[in-house]
1. Please work out which residue is nearest to the other protein chains (Cβ to nearest Cβ), limiting yourself to segment A:132-146 and to residues that are surrounded by fewer than 18 Cβ atoms within 10 Å (Cβ to Cβ) and either among the acidic types (Asp, Glu) or in contact (Cβ under 8 Å) with a residue 24 or more places away in the chain (or both).
2. State all residues of segment A:27-83 that are surrounded by fewer than 17 Cβ atoms within 10 Å (Cβ to Cβ), charged (D, E, K, R) and more than 21 Å from residue A:133 (Cβ to Cβ); if no residue qualifies, say none.
3. Might you check whether a residue that is of a type in the set (Val, Ile, Thr), free of Cβ contacts under 8 Å to residues at least 24 places away in the same chain and crowded, with 18+ Cβ neighbours inside 10 Å occurs anywhere in segment B:259-274?
4. Return the total of residues in segment A:96-116 being at pLDDT 75 or above and either part of a helix (DSSP H, G or I) or of a type in the set (A, V, I, L, M, F, W, C) (or both).
5. Sort out for me the strands (runs of 3 or more DSSP E) sitting completely within segment A:1-81 that have 1 or more residues that are at negative phi and within 14 Å of chain B (Cβ to nearest Cβ).
6. Would you call residue B:65 under 15 Å from the mean Cα position of the chain (by Cα), outside any helix (DSSP H, G or I) and without any contact (Cβ under 8 Å) to a residue 40 or more places away in the chain?
7. Quick check: is even one residue across segment A:68-79 within 13 Å of the chain's Cα centre (by Cα) and touching a residue at least 60 places away in the same chain (Cβ under 8 Å)?
Amino acid sequence: MGSQHLGKLRKIISSDKRLCERIEFPLKMFYAFQPEPGAELDWKGPVLLDNIGGEGVGFNDSVLIAKGAEILIRMYLPEDSVPVVFVGKVSWSKLSPVELKSAKKIYSYGIHIEKYDPVTESRFLGFMSDQILGKYMDDSGNLKDI
Amino acid sequence: MMLEHAGMRSLFSGIEYRVARSRDELAQAYHLVYEEYLKQGYIHENPSKMRLSLHNLIPETTTFIAHVDSTVIATATVILDSPLGLPMDELYQNELAGLRSERARLCEVSMLAHNSDLISEKVSLMFNARKMFLIFFLFKQVFDYVVQEEDMDYICITVNPKHSAIYDSLLFKNLDSEIKYYSKVNGAPAVAKILNLSTIENDSAASKRQNMHKMFFNGRTDPRRFDEKFRFMIDDIKYFFVERSNVFEGIGPEEIKYILDAYPEYDLTGIIPRSIEL
């Protein structure tokens with residue numbers, strides 16, 4: 001393989017522009033708009049996540065949310081009774097293509113995680129890294145060739 | 001299989017993880033740490049373009065590398081506790097005293113770096129599979145080494161607080177939650193963490209992170225990867241610690257005595273200045 005491996009490794013890795021892996025995982029989440037001072041949170045959902053990544057989540061819902069809107073996200077990680085809650089911002093939204101012909105409009109959203117507390121961050125990192133490891137390792141802990 | 005179309009296994013098949021076995025590998029590791037610390041603003045430029053300290057000269061110190069085609073792309077160094085202490089004693093001596101009073105066997109993982117031209121610092125360690133495996137395979141070597149070969153009780157580490165959550169998710173605990181500032185890295189903030197090696201396997205099993213558990217506890221590193229660790233000869237000591245750095249400047253007589261005792265078969269006259277020998 002000689003010095004070719006490093007060059008090719010460099011080429012492959014540098015061509016990967018993703019900062020974060022995205023995982024399709026059927027998690028349920030709730031969301032709420034930031035309340036007016038003194039008002040209570042009005043949680044909407046549950047909605048099923050389309051995908052989840054280190055930087056954010058994707059989901060579909062019939063409620064129209066403006067791009068740039070800041071929302072609170074609450075979701076339960078598997079086997080975890082305490083939900084993770086973080087602040088997200090709507091990065092993009094579009095009419096869901098599969099629902100275009102439907103009478104009821106469904107929107108797809110990409111939410112960027114804006115901030116979470118350190119404990120939530122640690123739990124979220126643990127969950128995500130475990131999902132990513134699981135995607136690429138077989139039952140024996142060896143790498144899959146995917 | 002052509003590497004261009006390689007999956008994760010093929011991609012990593014060409015990367016070898018093991019202890020550094022030659023002067024060149026060690027020099028590359030020290031240079032990599034220097035380059036990456038410089039990019040992070042942790043150190044100033046120096047003519048040697050290497051990052052090393054007296055702890056590297058302790059015979060029990062072990063440098064691990066990930067290398068491809070004779071090029072070191074990631075490294076970490078394990079420093080065992082000794083009369084010289086650990087590098088983190090500069091800030092955390094009082095906190096470590098509690099563990100030492102229990103006769104706990106301590107080591108510090110230090111000089112952790114990877115080639116950021118290969119995988120950018122902007123890429124998240126915990127969210128990007130390639131970066132995660134690159135670093136975790138190195139961690140796995142270090143972990144198995146300190147457990148299998150050195151029978152340590154705790155791995156200690158200081159990390160920038162911005163990376164604190166990563167180590168928390170790897171089940172490290174805070175040795176001290178106070179943020180301190182490291183003069184050795186241009187005053188960068190640091191928090192101290194420890195990993196309890198006597199409880200980690202149970203802690204990991206209970207953490208519900210089954211893939212992380214699989215990564216670190218399914219199978220052990222082939223002990224041959226720990227063989228043939230590079231041992232400094234007199235010329236190497238002169239090269240790294242005199243010609244390429246000024247490590248011996250400003251160190252005390254007790255430190256010098258410890259080093260001289262560690263290499264009783266060497267005549268270090270002219271390498272370690274007589275004026276600071278005991």
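1. Within segment A:132-146, the match that is nearest to the other protein chains (Cβ to nearest Cβ) is A:145.
2. Answer for segment A:27-83, where residues must be surrounded by fewer than 17 Cβ atoms within 10 Å (Cβ to Cβ), charged (D, E, K, R) and more than 21 Å from residue A:133 (Cβ to Cβ): A:28, A:36, A:40, A:42, A:44, A:67, A:70.
3. no
4. Adding up the residues that qualify gives 3.
5. The strands (runs of 3 or more DSSP E) meeting that bar are A:44-53, A:56-61.
6. It is false that residue B:65 is under 15 Å from the mean Cα position of the chain (by Cα), outside any helix (DSSP H, G or I) and without any contact (Cβ under 8 Å) to a residue 40 or more places away in the chain.
7. No, because not a single residue in segment A:68-79 is within 13 Å of the chain's Cα centre (by Cα) and touching a residue at least 60 places away in the same chain (Cβ under 8 Å).
Let's see how each residue does on (1) within 30 Å of residue B:161 (Cα to Cα); (2) of a type outside the set (A, V, I, L, M):
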site: B:177; (1), (2): yes, yes
site: B:240; (1), (2): no, yes
site: B:244; (1), (2): no, yes
site: B:251; (1), (2): yes, no
site: B:255; (1), (2): no, yes
site: B:260; (1), (2): no, no
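The values are calculated or read from the model by the stated rules, or taken from the named source; none is laboratory data. Only a predicted model underlies this, so the values are computations on that prediction, with no experimental measurement involved. When we count neighbours, we look across all protein chains shown, and the Cβ atoms used for this are built from the backbone with ideal geometry, even at glycine.
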